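Take a look at the structure below.
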Amino acid sequence: MFLFKKYFYIIIIFLSLMNCIGCVSKNSYSSIDYYAWMETDQARTNEWLLTKSHETQKILNALPWKASVVKRFNTLTAYDSQSFVRNIQRVGDDCFYLKETANYPYNRLFVKDRFGKEKLLVDPPVGYGIYNFYPSNDGKYVAYAISENGSEVSAINVINVKNRSHLSDSISGITEPNLVWTNDNASFFYHRNDFADSDNRKSGTEEIYLHRLGTNIEKDLAIFGKVNIENYQANTDQYTDLSLSTNWAIASVESSISGDTIDLYLIDSTSLYQENKHWQKIIDRKQNVTNFLVRDNWLYLAKYNNFSGYTLSRLDLNHIHSREEKIIEWKKGQLTRFAASKDAIYLTYYESGKYKFVTIPFSDLHNIKPIPISDDNKVTAIFSSSDHKEILFTQQNWNMPPKIWQYDPDSQLIEDSKIIKTNASLFADYESEQKWIKSNDGELIPLTLIHRKGIKLDGNNPTWLTAYGAYGESEYPNNYDTARLIWLEKGGIIAIAHVRGGGELGPKWHHDGKGKNKINSVNDFIKCAKYLIDHRYTNSSKLVISGASAGGIVIGMALATHPELFAAASITSGMLNMSRLDQIPIGDANFLEFGSPFNKQEFNNLQTIDAYLNLREDVNYPPVMISVGLKDERVFPWQSAKFSARLNEINRTSLDKKVLVIANEDAGHFVNNFVNMMVFFMWKTNITD
């Protein structure tokens with residue numbers, strides 16, 4: 001009988017442990033994860049999300065101002081007579097680009113000849129989108145990546161530019177093509193990750209293949225990967241890429257998606273096509289190289305330095321053991337653009353908070369010339385090619401739409417390219433300003449504010465505060481969004497907290513908000529929120545917050561730890577259960593950025609920034625909207641589902657605090673829920689229509 005009782009209790013303990021996902025933080029409500037089933041039962045989880053989403057839509061549609069918000073959104077985002085042009089590439093006398101118009105509000109591929117005659121090359125079928133394209137060096141063909149909307153898995157197709165006929169070549173199951181044409185324009189190199197076939201990003205193999213037009217893809221030659229490189233970590237390496245010059249090929253391998261440093265491998269061009277090829281590793285990621293370009297026999301390297309800035313240098317590929325030649329160096333600032341034309345390098349970067357745009361001629365590397373741009377404007381894109389001296393670049397700011405300019409290095413003239421028309425009048429009544437907010441450790445955090453001119457600081461302005469703060473990405477005005485006027489026109493303020501983890505103030509800014517330092521991102525955000533309240537821009541009943549993807553860490557933790565500061569929160573595709581990082585598709589690739597659950601100390605750090613685990617009983621949390629795409633191939637929807645379910649359980653006594661869920665069956669990671677978010681924020685800050 002004693003043995004029976006002994007084994008009975010052992011079984012009970014074992015079954016209890018099976019329900020426990022793992023040890024959780026001291027702030028957690030329990031060591032048992034009652035919503036663990038959401039991780040493994042996808043069908044049931046999706047059904048739960050869709051049920052909640054239908055309930056949410058009924059609630060939002062019943063609000064009297066919903067229709068007017070939709071109408072204003074449609075007006076602001078209509079293209080009218082203006083077109084939206086992106087990814088301009090010049091080959092010879094032809095100019096290729098993607099364009100959206102009022103009648104066709106999606107990417108279509110066009111080519112324009114030297115006489116200005118425009119020709120439509122590809123109009124994708126309904127439900128599909130073009131997200132990148134690659135003209136051959138002679139402009140005869142264009143390879144393009146097309147995918148079903150919401151999916152990150154695409155197919156490479158090839159079209160003949162002259163007669164607009166498609167070749168038989170079609171390669172499916174591609175994530176990032178990173179396609180490069182060979183010099184004879186009869187073949188191309190492309191990046192393949194076979195996780196698309198296995199439906200498991202963690203098991204994907206990152207490699208580069210060579211495809212010859214008209215041949216079976218099964219015969220494509222593996223150029224770079226596990227068969228060529230000793231100790232190649234195919235399951236964790238990301239963004240493998242290839243660059244060519246006349247004599248050399250450079251393969252780059254980035255260790256993760258955290259925007260960190262790269263390895264570079266070298267091979268001479270003649271050996272590239274041989275069966276038994278030997279790649280020589282010439283740059284190790286420990287050397288802090290983040291960007292590069294190759295021209296003739298020279299390799300140009302951008303690496304971050306000990307001053308939280310960057311150093312640009314070059315290396316002679318004929319003498320790779322020789323000392324690098326330094327070209328330019330700066331302190332405390334991010335490199336934002338790095339491109340080359342036929343004759344020069346073009347750089348945009350920040351140096352101690354000041355924005356710079358310069359050109360460096362290949363013929364005289366120490367003759368660095370500044371290129372003037374308008375006050376407060378930023379260069380958000382550079383379009384250059386190896387057979388043109390002139391470049392095109394896009395210039396804009398928070399309240400100025402993007403405009404494409406042409407720069408002639410010989411005359412140093414900057415002229416309107418007239419590729420797109422712009423209307424700068426929409427934001428004429430608004431202005432932006434930057435504040436510096438002291439964080440917990442004394443670090444000064446940039447805070448951008450956008451509002452109507454002459455706004456009164458009476459503590460009663462509805463304020464929408466956002467943040468991202470990950471992967472070294474900077475939250476600068478790369479996307480001009482007219483829809484923001486929906487909030488601004490109601491007297492609202494838009495605030496962007498440039499928290500650590502981003503790249504606004506250089507590599508150290510990223511380092512100080514990643515891994516064990518990730519909590520700094522949250523602390524910075526909280527301090528920015530308190531600043532807005534303390535300096536009477538707003539108050540807690542008017543302050544709403546939002547974030548997406550990795551930005552969900554910041555918003556989720558701010559909500560969990562300081563709910564008293566906010567009127568409402570919106571999180572889209574959020575990373576909200578960080579201690580389970582290894583269980584999402586991009587988990588392994590994020591260990592460098594956030595930490596590994598398999599390392600005890602790093603697991604403890606992940607628990608500290610796990611918003612789901614940090615939700616507490618008997619806390620009055622503000623209303624929350626959670627948005628998710630059920631086809632998310634980066635962060636599984638169960639992260640949002642678990643957070644929503646747990647928060648609803650805590651707020652179960654208050655119908656007004658019920659978590660609203662928007663689940664889109666056809667969307668992936670980059671789900672767009674702007675209109676619903678605006679309606680929700682107006683509701684919770686008592687904005688009347």
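The values are calculated or read from the model by the stated rules, or taken from the named source; none is laboratory data. Just so you know, these numbers come straight off a predicted model, no measurement behind them. In this analysis, Cβ positions are derived from the backbone assuming ideal geometry, glycine residues included, and neighbour counts consider all displayed protein chains. Each accessible area value is taken on the protein alone, full model and side chains, heavy atoms only, with ligands, DNA and RNA left out. Shrake-Rupley method; radii C 1.70, N 1.55, O 1.52, S 1.80 Å.
Residues checked against (1) part of a strand (DSSP E or B); (2) without any contact (Cβ under 8 Å) to a residue 12 or more places away in the chain:
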residue: Phe133; (1), (2): yes, no
residue: Asn137; (1), (2): no, no
residue: Tyr144; (1), (2): yes, no
residue: Ser147; (1), (2): yes, no
residue: Ser172; (1), (2): yes, no
residue: Asp184; (1), (2): no, yes
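Table: residues versus (1) closer than 25 Å to Glu218 by Cβ; (2) exposed (fewer than 13 other Cβ atoms within 10 Å of the Cβ).
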{"residue": "Tyr141", "(1), (2)": "yes, no"}
{"residue": "Ser147", "(1), (2)": "yes, no"}
{"residue": "Asn163", "(1), (2)": "no, yes"}
{"residue": "Asp184", "(1), (2)": "yes, yes"}
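In segment 527-544, how many are open to solvent by 10 Å² or more (accessible area, probe 1.4 Å) and either hydrophobic (A, V, I, L, M, F, W, C) or free of Cβ contacts under 8 Å to residues at least 60 places away in the same chain (or both)?
4
Return the residues of segment 644-689 that are of a type in the set (A, V, I, L, M) and closer than 15 Å to Ile571 by Cα; say none if nothing qualifies.
Ala645, Leu647, Val659, Leu660, Val661, Ile662, Ala663, Val671, Val675, Met677, Met678, Val679
Report, by residue number, each residue of segment 467-520 that is polar (S, T, N, Q), assigned to a helix (DSSP H, G or I), closer than 23 Å to Lys331 by Cα and in contact (Cβ under 8 Å) with a residue 60 or more places away in the chain.
Restricting attention to segment 467-520, the residues satisfying the condition of being polar (S, T, N, Q) are 474, 478-479, 482, 517, 520.
From the residues that got through so far, the ones that are assigned to a helix (DSSP H, G or I) too are 482, 517, 520.
From the residues that got through so far, the ones that are closer than 23 Å to Lys331 by Cα too are 517, 520.
The answer is Asn520, and nothing else.
Which of the residues spanning segment 75-98 are at pLDDT 85 or above and open to solvent by 30 Å² or more (accessible area, probe 1.4 Å)? Steps first, please.
Of all residues in segment 75-98, those at pLDDT 85 or above come to 75-76, 85-98.
Listed by number, the residues that qualify are Thr75, Arg86, Asn87, Gln89, Arg90, Gly92, Asp93, Asp94.
Can you tell me which residue within segment 388-401, out of those that are open to solvent by less than 30 Å² (accessible area, probe 1.4 Å) and among the aliphatic types (A, V, I, L, M), is farthest from Gln412 (Cα to Cα)?
Leu392
May I ask you to list pairs of residues, at least six apart or on different chains, whose Cβ atoms are under 7 Å apart, with the first in segment 601-630 being over 16 Å from Ile650 (Cα atoms) and the second being assigned to a helix (DSSP H, G or I) and of a type in the set (D, E, K, R)?
From segment 601-630, the pairs are Asn605/Lys516.
Can you pull out every residue in segment 411-455 that is under 15 Å from Val499 (Cβ atoms), open to solvent by 60 Å² or more (accessible area, probe 1.4 Å) and not in a strand (DSSP E or B)?
Asn440, Asp441
So Leu264 clears everything in (1) within 24 Å of the chain's Cα centre (by Cα); (2) open to solvent by 30 Å² or more (accessible area, probe 1.4 Å) except one condition, right? Which one?
Looking at each condition in turn, Leu264 falls short on (2).
Could you tell me whether segment 95-106 includes any residue that is assigned to a helix (DSSP H, G or I) and in contact (Cβ under 8 Å) with a residue 24 or more places away in the chain? Outline the logic, then answer.
The first filter runs over segment 95-106 and keeps only residues assigned to a helix (DSSP H, G or I), leaving none.
Looking for residues that are assigned to a helix (DSSP H, G or I) and in contact (Cβ under 8 Å) with a residue 24 or more places away in the chain, one finds none in segment 95-106, hence no.
Just to check your reading of the model, which residue among Thr336, Thr359 is crowded, with 19+ Cβ neighbours inside 10 Å, under 30 Å from Trp248 (Cβ atoms) and under 25 Å from the mean Cα position of the chain (by Cα)? If you could, list the steps in order and put the result at the bottom.
On the way: Thr359 fails: under 25 Å from the mean Cα position of the chain (by Cα).
After applying the criteria, what remains is Thr336.
Testing Ser385 on (1) in contact with a Gly (Cβ under 7 Å, 6 or more places away or on another chain); (2) part of a loop (DSSP other than H, G, I, E, B); (3) open to solvent by less than 20 Å² (accessible area, probe 1.4 Å), one condition comes back false. Which one is that?
Exception for Ser385: condition (1).
Do we have Arg90 as charged (D, E, K, R), within 23 Å of Asp184 (Cβ to Cβ) and in contact with a Phe, Trp or Tyr (Cβ under 8 Å, 6 or more places away or on another chain) here?
Details: charged (D, E, K, R): yes; within 23 Å of Asp184 (Cβ to Cβ): yes; in contact with a Phe, Trp or Tyr (Cβ under 8 Å, 6 or more places away or on another chain): yes.
Yes.
Restricting attention to segment 331-351, which residues are touching a Phe, Trp or Tyr at 6+ places or on another chain (Cβ under 8 Å) and part of a loop (DSSP other than H, G, I, E, B)?
Lys331, Lys332, Gly333, Gln334, Asp343
Give the number of residues within segment 363-382 that are assigned to a loop (DSSP other than H, G, I, E, B), touching a Ser or Thr at 6+ places or on another chain (Cβ under 8 Å) and among the charged types (D, E, K, R).
Our first condition is that a residue be assigned to a loop (DSSP other than H, G, I, E, B); within segment 363-382, this holds for 363-368, 371-377.
Those still in the list that are touching a Ser or Thr at 6+ places or on another chain (Cβ under 8 Å) too: 368, 371, 376.
This time we only want the ones that are among the charged types (D, E, K, R), so: 376.
Summing the residues that are assigned to a loop (DSSP other than H, G, I, E, B), touching a Ser or Thr at 6+ places or on another chain (Cβ under 8 Å) and among the charged types (D, E, K, R) in segment 363-382 gives 1.
Which of the residues that make up segment 307-330 are outside any strand (DSSP E or B), of a type outside the set (Asp, Glu) and touching a strand residue (DSSP E or B) at 6+ places or on another chain (Cβ under 7 Å)? Even if it seems obvious, please write down each step before you answer.
Taking segment 307-330 as the starting set, the residues that turn out to be outside any strand (DSSP E or B) are 307-309, 317-324.
Of the ones still in play, those that are also of a type outside the set (Asp, Glu) are 307-309, 317-323.
Passing the criteria: Gly309, Leu317, Ile320, Ser322.
Collect the residues in segment 493-514 that are under 17 Å from the mean Cα position of the chain (by Cα), over 18 Å from Phe307 (Cβ atoms) and either among the basic types (Lys, Arg) or surrounded by fewer than 24 Cβ atoms within 10 Å (Cβ to Cβ) (or both), keeping them in residue-number order.
The answer is Ile496, Lys514.
Quick one: would you say Leu272 is buried (at least 20 other Cβ atoms within 10 Å of the Cβ) and in a helix (DSSP H, G or I)? Walk me through how you get there before you give the answer.
On the way: buried (at least 20 other Cβ atoms within 10 Å of the Cβ): yes; in a helix (DSSP H, G or I): yes.
The answer is yes for Leu272.
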